[in-house]
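Remarks on the structure that follows.
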Amino acid sequence: MTSDIKIFSPSYRRSNNCVIHKYLSQVNYVVAESEKSKYKDVHEKIIAIPDNEQGSYPKVCNWILRNGGDKIVIIDDDMKSINRWTKRVSKKLNEKQVYDFLVKGFLIAKEIGVHYWGMNINKDKQLYREYIPFSLTSYLGGPFQAFYKNDLLFDERMLLKEDYDMTLQQLNKYRKVFRFNMFYFDCKQAEQEGGCATYRNFDTEMDQLKLLQKKWGSDIVRIDKADRSHNLKKKKSKIDFNPIIKAPIKGI
């Protein structure tokens, strides 16, 4: 990996639970100054920012975007691995392979003129279509986000939907993002304490969903009410807090 690619992992109150440094040794944990000593006991690469720059995930990410350089990767602290589908077999990338993947990702971003790229958000083989190895208009999930010469910042009102909003911001301005569909990440996401879990609850999730829809419109941000439990009782109403986004842009 070239020295101009920087990997950052925002972390808050999870010094005992963060694991990405065990997989990628070059990751930099971005933490509050008041927590620096706790994280120093875990990993040597620590970037401490003022406590007043903490408070929410998008706020910390904006600090990273302002100070991180031209090639930035923001990755979750609970990321366990990055994997690739080859035919019907999933293979975990080793550390060197991940760094090689990042170099290629930024090269593609430069060549096709995108500023935001990532990978598949789901590890379910049935959801990977071999005949669509790449996407240019698909959502990029927060656990892995790569920025190339980016000039857009996260909307700090979007405490829990910042990645959906960033995807839409990028599509709105540049008309495309880039997603490797054959690669996917494996992480715990909402299962741990600390981080976004300090303010994540039912009411906040619903408020955030409504805010995202209000900003972009109900034609673009759709609330997913599909019941995938195979329960035939029609009286039950279920809501997936992960919205469906449909940008009005032709392409895959």
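Just so it is clear, none of the values below were taken in a lab; they were calculated from the coordinates. Just so it is clear, the model here is predicted, and its values are computed rather than measured. FYI the Cβ positions are ideal-geometry reconstructions off the backbone, even for glycines, and counts take in every protein chain you see.
For labels at Ile244 and Thr204 in the simple 7 Å Cα→Cβ model, what's the distance in nm?
If labels sit at Ile244 and Thr204, their model points lie 2.8 nm apart.
For the chain, what class follows from the C-alpha gyration tensor (a ≥ b ≥ c being the square roots of its eigenvalues): rounded when a/c is under 1.5, otherwise prolate if a/b is larger than b/c, else oblate?
Working: a/c = 1.41, a/b = 1.17, b/c = 1.20.
Since a/c stays below 1.5, the shape of the chain is classed as rounded.
For a footprinting-style exposure proxy, rank Lys173, Lys6 by other Cβ within 10 Å, fewest first.
By the 10 Å Cβ count, ascending: Lys173, Lys6.
Give the range of the longest stretch in the chain that excludes all GluC sites (Glu not before Pro) found in loop regions by DSSP and having at most 16 other beta-carbon atoms within 10 Å. Mind showing how you got there, number by number?
Details: sites that count: Glu44, Glu130, Glu156, Glu193.
Counting at most 16 other Cβ atoms within 10 Å as exposed, the longest clean stretch of the chain is 45-129.
Among the listed pairs Lys38/Lys214; Lys22/Lys210; Lys59/Lys96; Lys45/Lys250; Lys38/Lys246, which are separated by more than 32 Å between their Cα atoms?
Lys38/Lys214; Lys22/Lys210; Lys45/Lys250; Lys38/Lys246
Just rank Ile252, Ile74, fewest to most, by other beta-carbon atoms within 10 angstrom.
With the sparsest Cβ surroundings first, the list reads Ile252, Ile74.
Out of Ile49, Ile82, Ile112, any idea which swings most in a Gaussian network model of the chain, alpha carbons joined below 10 Å?
Ile112
Is there a pair in Lys6/Lys87; Lys6/Lys161; Lys36/Lys215; Lys6/Lys92; Lys87/Lys149 whose C-alpha atoms are over 29 Å apart, and which pairs would that be? Intermediate values should be presented prior to the final figure.
Working: Lys6/Lys87 31 Å; Lys6/Lys161 24 Å; Lys36/Lys215 36 Å; Lys6/Lys92 21 Å; Lys87/Lys149 33 Å.
From the list (Lys6/Lys87; Lys6/Lys161; Lys36/Lys215; Lys6/Lys92; Lys87/Lys149), the Cα-Cα distance tops 29 Å for Lys6/Lys87; Lys36/Lys215; Lys87/Lys149.
Note down the relative contact order for the chain as a percent, whole number, built from C-alpha pairs under 8 angstrom at least six residues apart.
20 percent
Could you list which residues have their amide H under 5 Å from that of Cys187, counting only those 5 or more apart in sequence or on another chain, with H placed in the peptide plane?
HN-HN under 5 Å from Cys187: Lys80.
With both bridge residues required to lie in the chain, what share of the DSSP beta bridges run antiparallel, to the nearest 5%?
Details: 21 of 36 bridges.
Expressed as a percentage, antiparallel bridges in the chain total about 60.
Run the numbers for Lys22 and Ile108: contour at 0.36 nm per residue of separation, minus the present Cα-Cα distance, in nm.
Net length gain for the segment: 28.2 nm.
Going by Cα centres, segment 9-58 and segment 110-184 are how many Å apart?
24 Å
Please list, in order, the residues from segment 76-104 whose amide nitrogen is less than 15 Å from a point placed 7 Å along the Cα→Cβ vector of Glu130.
Backbone N within reach: 85-91.
Once you list every other residue whose beta carbon is under 13 Å from the beta carbon of Lys59, what net charge do they have if Lys and Arg are +1 and Asp and Glu are -1?
Once all neighbours under 13 Å are counted, the net charge is -3.
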